[in-house]
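Worksheet for the structure shown next.
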Amino acid sequence: MKLFIFHTPELTPTNTLPDCAIAVDVLRATTTMATALAAGAEAVQVFSSMDELMQVSEHWSPEKRLRAGERGGAKVPGCDLGNSPLDCTADIVKGRRLFISTTNGTRCLERIQNAEIVLTAALINRAAVVEFLLQHRPETVWIVGSGWEGSFSLEDTVCAGAIAHQLLQQGELQGHNGTEIAANDEVFGAIALYSQWQHDLLGLMHRASHGQRLLRLDCHDDLKYCSEVDILDVLPIQSQPGILIKQS
């Protein structure tokens, strides 16, 4: 297995695709997706365009759909939900499809949607992602951070580092220095970031620029939830381009 980490979708190669691509948007899209599927959502369908989301979801009855839209951290007017994972409780999402468009995470998924296997990862489902990788051992793996409007983000990189760190700890590579799995320098940088902050991930979220943006929107509980590790045993996996289901 060769692992690549890219801080933003714009940094991924344009002439190739990996065997497995993993989108990361800790604050908050991929955290919300995992939470919704764990709570019984039928599927999550992602859109980069709000107009397209509205058009496609219009074909679903209101009882079977939820429209979630976020721009700049705030809920898009006319949507049922914003991008808070804490809103994705079973009584709201069970049996319904979540149609979602966010500032960064859905754009990241659009970039990698043609890979053979597409997953989403957050800190809350890190262990499920690692288990899948160790079980299936895809030859090449990209972990792609969503970043913020094309820029590096601490929270996505620390999550990528948490995945890489756990692969080295739990996998067959235990005892090695990581050179067998790391395909670019970003892997070591992400592992170093996670190693420094693994016992204070909430503190890291508070320092991150998008974390500060969400704090200004009074999303303190979202940050606390998004900084928890391995609390959900759920793996969102793409069943067709743009549609994620819970891996069975």
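The values are calculated or read from the model by the stated rules, or taken from the named source; none is laboratory data. Predicted model only: the values in this text are computed from it and were never measured. Note that each Cβ is placed from the backbone with ideal geometry, even for glycine, and that neighbours are counted across all protein chains shown. Note: areas computed on protein heavy atoms with side chains; ligands, DNA, RNA excluded. Shrake-Rupley method; radii C 1.70, N 1.55, O 1.52, S 1.80 Å.
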Legend entry - Calculated P(r) tail over 22 Å for the stretch 132-222, as whole % of Cα pairs: 33 percent
Inset, instruction - Specify the residue with the greatest mean-square fluctuation among Gln55, Gln166, Gln113, computed from a Gaussian network of the chain linking alpha-carbon atoms under 10 Å apart. - result: Gln55
Legend entry - Solvent-accessible area per residue, Å², over the chain with all protein chains present [probe radius 1.4 Å]: 42 Å²
Legend entry - Cα-based Lys proximity count in the chain, under 28 Å, for pairs eight or more positions apart or on separate chains: 10
Inset, instruction - Among Thr120, Thr32, Thr89, determine the one that fluctuates most according to a GNM of the chain built with springs between C-alpha atoms less than 10 Å apart. - result: Thr89
Inset, instruction - Work out, in µm²/s and without decimals, the Stokes-Einstein translational diffusion coefficient of the chain at 4 °C, 1.567 mPa s, Rh from Kirkwood over C-alpha pairs. - result: 73 µm²/s
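In the stretch 16-146, what percentage of the DSSP-assigned beta bridges are antiparallel, given to the nearest 5?
On the way: 2 of 22 bridges.
The antiparallel proportion sits near 10 percent.
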Legend entry - Over the chain: helical MRE at 222 nm, DSSP H runs n ≥ 4 each giving -39500 (n - 2.57), nearest 500: -10500 deg cm²/dmol
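How many percent of DSSP beta bridges within the chain run antiparallel, rounded to 5?
Values: 10 of 36 bridges.
So the antiparallel bridges in the chain amount to around 30 percent.
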Inset, instruction - Could you point to the residue in Leu133, Pro241, Thr14 farthest towards the positive end of the chain's charge dipole, with +1 and -1 charges on the Cβ of Lys/Arg and Asp/Glu respectively? - result: Pro241
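With the full set of protein chains in place, find how many percent of the accessible area of the chain is carbon and sulfur; take the probe as 1.4 Å. Before the final figure, lay out the partial values.
Details: 4930 of 10490 Å².
Carbon and sulfur atoms account for 47 percent of the accessible area of the chain.
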Legend entry - Most mobile of Ala21, Ala38, Ala90 in a GNM of the chain (Cα contacts under 10 Å): Ala90
Legend entry - Given charges at Cβ of Lys, Arg, Asp, Glu: the chain dipole, positive-most of Thr32, His199, Ala68: Ala68
Inset, instruction - Beyond 22 Å, what share of the Cα-Cα pairs of the stretch 30-113 is found? Please give it as a whole percent. - result: 15 percent
